[in-house]
Amino acid sequence: MNSIQPDKVNGKELVQSLSDLFIQVVKIDHIDPPKEHPIILLNAVKNIIGDDRDNPSDDLYQFSKIIIDSFSTRKDDESLWENVKADGVGLTVFTDEVERAVMTGNRDDAGGETARQIMASNNSPAILELLAELAIHNVDDLGLFTFHWLRSYYFHQNEKELWFYARCIISEMFKCELVSISNESDLAPESLIHKMITPSHMKTIPLFSAMIRLWDGDYVRIKTFKNAISGWLNAQRFNRETTKNSSTDKLEKYHLHGGRYFIDIAESIVKNNPPNEAIHQIVHLEALRGIAKNAGPESFQQIANCINFIVRKS
């Protein structure tokens, strides 16, 4: 049972409050494309709020909660789990069966085989990386969701919620076509920062930022992730752009000392935009924050230009 959400989040309650929201968001009945799943917003807000854990932004927390509360909950998670439990795990359980079911488009088998994997493994989170490995077969449609979904689990690592996390990504995967992955991983995302981080590529920046962080992650299935990311990067086309340079002073100060730079911008976005536009801008802002924390100072000018592009819109 989830803990009661506080009226106003504070530093002591922050981790539990966000964990409760993550557990809630993976259970929602989401019908829109995966790149619009609210788990992306919530993980982005979690990252931004984390810049000041002693005085977390209640505005951002409450905004996320209102968005997530607006969704209904899937109705069949518990019954599906109990049906598989009643049938028993069986003598042998193979991860290949999960992959076969997903790649051949058999949704019922995908759910059932995943549930059996969770039971047989005594709630090992390894099943999540397997599902992420399958989802990354479509970076364009599922890459952004997969990164934020995977990171959200590792934030609270509640083994009791594995089935709901699995159901969440399975639901999103079956909205998309999964394609073959190249065996080459020669192109790293960091090498394209100077080309990607411009206002003309704003639509792609959240996915690009997610792929940088997924590439640098410590995952058992990192080779597949890198192959998929490299293939996606090789397919990108870049525009030349001349942009008036913005000041990098605040970004440089944030890089050296941390602080509420991104929090203040995000709070302004929430206050000055309708919800759908605010979601869009916060996801983009967090993506730039992620790149700023992984890139060197030589990229700050381009990052600042993109942040200024968002600020002007809000």
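The values are calculated or read from the model by the stated rules, or taken from the named source; none is laboratory data. Remember, predicted model here, so these are calculated numbers, not experimental data. Note: ideal-geometry Cβ built from the backbone for every residue, glycine included; neighbour counts use all protein chains shown. The accessibility values were calculated without ligands, DNA or RNA, using every heavy atom of the protein model including side chains. Shrake-Rupley method; radii C 1.70, N 1.55, O 1.52, S 1.80 Å.
A few remarks follow.
- By the Stokes-Einstein formula, at 1.306 mPa s and 10 °C, region 124-217 with its Kirkwood radius over alpha-carbon pairs has D equal to 111 µm²/s.
- Counting only alpha carbon atoms, the long axis of helix 261-272 and the longest principal axis of the chain meet at about 80°.
- Charge context of Lys175, other residues only, Cβ under 12 angstrom, K/R +1, D/E -1: -3
- Ordering of 19-31, 282-294 by packing is 282-294, 19-31, highest average first (other Cβ atoms within 10 Å, averaged per residue).
- For Tyr254, net neighbour charge (Lys/Arg +1, Asp/Glu -1) across residues whose Cβ lies under 14 Å away: -1
- The heavy atoms of Asp186 offer some 120 square angstrom of accessible surface to a 1.4 angstrom probe.
- Whether region 146-274 is rounded, prolate or oblate, judged on the alpha carbon gyration tensor where a/c under 1.5 counts as rounded: oblate
- Accessible area in the full protein assembly, largest first, 1.4 Å probe, for Arg312, Arg240: Arg240, Arg312
- Accessible area per residue (1.4 Å probe, heavy atoms of protein chains only) ranks Arg100, Arg116 as Arg100, Arg116, with the largest value leading.
- Residue-averaged 222 nm ellipticity for the chain, from DSSP H runs of 4+ at -39500 (n - 2.57), nearest 500: -19000 deg cm²/dmol
- Val45, Val15, ranked by accessible area, largest first (probe 1.4 Å): Val15, Val45
- Database remark: amide H of Ile28 closer than 5 angstrom to the amide H of Arg74 (H placed geometrically; neighbours at sequence offset of 5 or more, or on other chains; Pro and chain starts carry no H).
- For region 192-242: rounded, prolate or oblate by the Cα gyration tensor [a/c cutoff 1.5]: prolate
- Accessible surface of Thr146 - all protein chains present, 1.4 Å probe, nearest 10 Å²: 0
- Semi-axis lengths, Å, the chain, gyration tensor of Cα atoms, sqrt of 5 times eigenvalues: 33, 25, 16
- Cross-link table Lys223/Lys250; Lys35/Lys293; Lys46/Lys250, entries beyond 27 Å C-alpha to C-alpha: Lys223/Lys250
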